[in-house]
1. Do me a favour and compute the ellipsoid semi-axes for chain C from its Cα gyration tensor, root of five times each eigenvalue, largest one first, whole Å.
2. Among all the aspartates and glutamates, which ones have a C-alpha under 17 Å from B:K89's C-alpha, if same-chain residues fewer than 8 places away are not counted?
3. Provide, as a two-decimal number, the C-alpha radius of gyration of the stretch C:134-192 over 2.2 N^0.38 Å, N being how many residues it has.
4. Counting other beta carbons within 10 Å of each Cβ, put A:Y101, A:Y91 in order, fewest first.
5. Looking only at other chains, what is the average number of their beta-carbon atoms within 10 angstrom of each beta-carbon in A:157-168?
6. Using unit Cβ charges (K, R positive; D, E negative) and no other charged atoms, how large, in debye to the nearest 20, is the dipole of the stretch B:10-133 about its Cα centre?
7. Specify which residue in the list C:F18, C:V35, C:T6 is farthest towards the positive end of the charge dipole of the stretch C:1-46, using unit charges on the beta carbon of Lys, Arg (+1) and Asp, Glu (-1), about the Cα centre.
8. Of A:K30/C:K7; D:K16/D:K125; A:K144/B:K83, which pairs sit farther than 29 Å apart, going by alpha carbon to alpha carbon?
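Read the figures in this text as sums done on the coordinates, not as results from a lab. Because the structure is predicted, anything quoted here is derived from the model rather than measured. Neighbour counts run over all protein chains shown; Cβ positions are idealised from the backbone, glycine included.
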There are 4 protein chains.
Amino acid sequence: MKGSNTKDQIIAEASKLFLDEGYEMISMRKIATKVGCSPTNLYRHFQNKEDILLVLLERGYSVFLSYIQQAIDQNKELEFRIKLKQALKSYVNFGLENKEYYQLMFIRNFEHFDRVVIGESDRMKGFNLLANLIQEGMEKGLVKGDIEVISQSLWGLIHGITSLLITFKNSFHWTNEQSLIDFHVDTYLKGLLK
Amino acid sequence: MKGSNTKDQIIAEASKLFLDEGYEMISMRKIATKVGCSPTNLYRHFQNKEDILLVLLERGYSVFLSYIQQAIDQNKELEFRIKLKQALKSYVNFGLENKEYYQLMFIRNFEHFDRVVIGESDRMKGFNLLANLIQEGMEKGLVKGDIEVISQSLWGLIHGITSLLITFKNSFHWTNEQSLIDFHVDTYLKGLLK
Amino acid sequence: MKGSNTKDQIIAEASKLFLDEGYEMISMRKIATKVGCSPTNLYRHFQNKEDILLVLLERGYSVFLSYIQQAIDQNKELEFRIKLKQALKSYVNFGLENKEYYQLMFIRNFEHFDRVVIGESDRMKGFNLLANLIQEGMEKGLVKGDIEVISQSLWGLIHGITSLLITFKNSFHWTNEQSLIDFHVDTYLKGLLK
Amino acid sequence: MKGSNTKDQIIAEASKLFLDEGYEMISMRKIATKVGCSPTNLYRHFQNKEDILLVLLERGYSVFLSYIQQAIDQNKELEFRIKLKQALKSYVNFGLENKEYYQLMFIRNFEHFDRVVIGESDRMKGFNLLANLIQEGMEKGLVKGDIEVISQSLWGLIHGITSLLITFKNSFHWTNEQSLIDFHVDTYLKGLLK
DNA sequence: TATGAATGAGTATTCATTCAT
DNA sequence: AATGAATGAATACTCATTCAT
């Protein structure tokens, strides 16, 4: 009828496997076995292994952007501090709710794959949404400093907590996730704003 | 000193290769070629490929701890804020000056390798040095809150900026590194400290 | 006429591909892509890949025989030397004007394909037309010697120049084709005929 | 001690297989099986499949040149006609005594393999030895015409009989090989000389 | 301290072909 | 008359590793 079911299955299994064991450790055979089809059949749906990753990344970026955009849209009319905080939390939540995507998009670096560079601009789009917010804060006199420095620092702030929670999710004793994130963002914003 | 020269060469070449192309992409043959010896010879010095990584991680943790410890020792007598800031900056500098180690220790996750778990306690030691500092700040009344939450947030803060600078060192236009780090830490500490 | 258009297209594309890259290098998928249909569809028109080759060879032999026969018919009443020369030139021209067929029929050897043996008798028919001519020459007292030896030598003569011109058409600097062939045949016939 | 025995074995088995079934039909596995070693081991001795072919061709060209050169050297002082005939027969004999080499060098065309082009110049060397002989004949007034045309025609003469005897060795009833070759060359030379 | 020879298991990928529609 | 989905078997090649020397 609509999209092939197998293709979706492949994406689902591949993203799980890629996160759990790493892209290079996963063979087409392993994916096929999980999906329950022949390795050959994977090539009906994707040009090659890299192509699976590419499609995965594209989906990831699209979901990512919708997270950020939605947070900004929903809090349009609210106070700047709240709007900014919600956007930052949205970023972290995207990561925690989509660990596979986050890892592939922001922790691993696939730029040596030529075709993956496409994704770069998508990563940029998300970054720019953040930068625009900061710009707004500066215009309102709530934020001071170099907009590039501030944006990059903010990215570091939220990437740090997100990636740690993903990478060491099992090997470190984390306090309650949401309080940690709240504290993290609040503390930084207390220093940044006004 | 003691260890053979070849062994050091192997570690040097392996760590470069592991960072540049990823642990899984590097074969024993590639390492041997770089070192200029036979693949077989690697096995005289290391049990297997995983063992090279293990030794590498051990060295990395040792260097890492010395960075943090030194920062704390050197600023023992200074104001708490400065001491803390220097410790945090030390962490970041360790990463930037030892990108290979940092990536293997904090960005990649090798916990599926049984023997690597040993390293966990070393990572913990570094974390505890930080936590002790916070403890000191709390005792002095300069910091308030849950010590675990604060330590983890602080780790997120500095891991974020460090890992971004390493992972996307070529594919993102960064502002001046040191000013960025200064701003990053200062802003957060402004919010954290009394 | 009768056969579907697709079947002709398949034969046309397949023979080009087989010559350019070799029978083994060409996959059903490549043929299908060139034709612009699905690989599956090839099997509606041919039993399998070998069958495509077989049909191709059959067509080739039929064209081949018509070349030789026509040369003989058209020069029936002329002097023997001219008749023979025209027949020989016809052979060469068949090759040069049908390089794909010539290569498959006379340069490659597909006798390990059971079904291809059928073609053998066709190759024989062409050979026999030549032998008959020689027979005629012997009866007229113009040619002397063992008819088998002469026929085989003649075949070698024209096969040599034809196959070289086809196989090394790009990698050797040939003089003018037709003068070369004329010289080739004339020189030999000068030695052969009375 | 001297050269690895396995390498020679590989070359021996590969050349047989390449002739019998064709380069493309032969897999590394098949070669390894014949040799009695693992497929992997082939890669210790050759970079890849193409490299086996390349080494084979190089050996072939070297043997080929020695055949021709020897014939010329040995008959240096003899009458031109005999010298030329011996050179031509040498060419044919090289083919018949080294069918695998001849097929790979003169019947198949591997020029789409970049590295094989090297061989081109070697093929040229053999051709030039022939051309030089003709040149000598022309200087002695025994041969008349365009030297290029004559050389190419001569090549066609001997390639034709050689390649037919190799390609259709089993599927055609040949008269006695040596008488056929003698007749073939003699007839042509009768037309060519004086 | 080092290496050349070797291998079993694995890699991504392509093959000719079939089947249900 | 044609196709999309699928596959088992094969392809060239690379892997980490071992063993005899």
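1. 35, 18, 14
2. Here the aspartates and glutamates satisfying the reach criterion relative to B:K89 are B:D73, B:E79, B:E97, B:E177, B:D182, B:D186.
3. 1.34
4. So the ranking, lowest neighbour count to highest, is A:Y101, A:Y91.
5. 6
6. For the stretch B:10-133, the charge dipole is close to 220 debye.
7. Farthest along the dipole direction, towards plus: C:T6.
8. Too far apart for the 29 Å limit: A:K30/C:K7.
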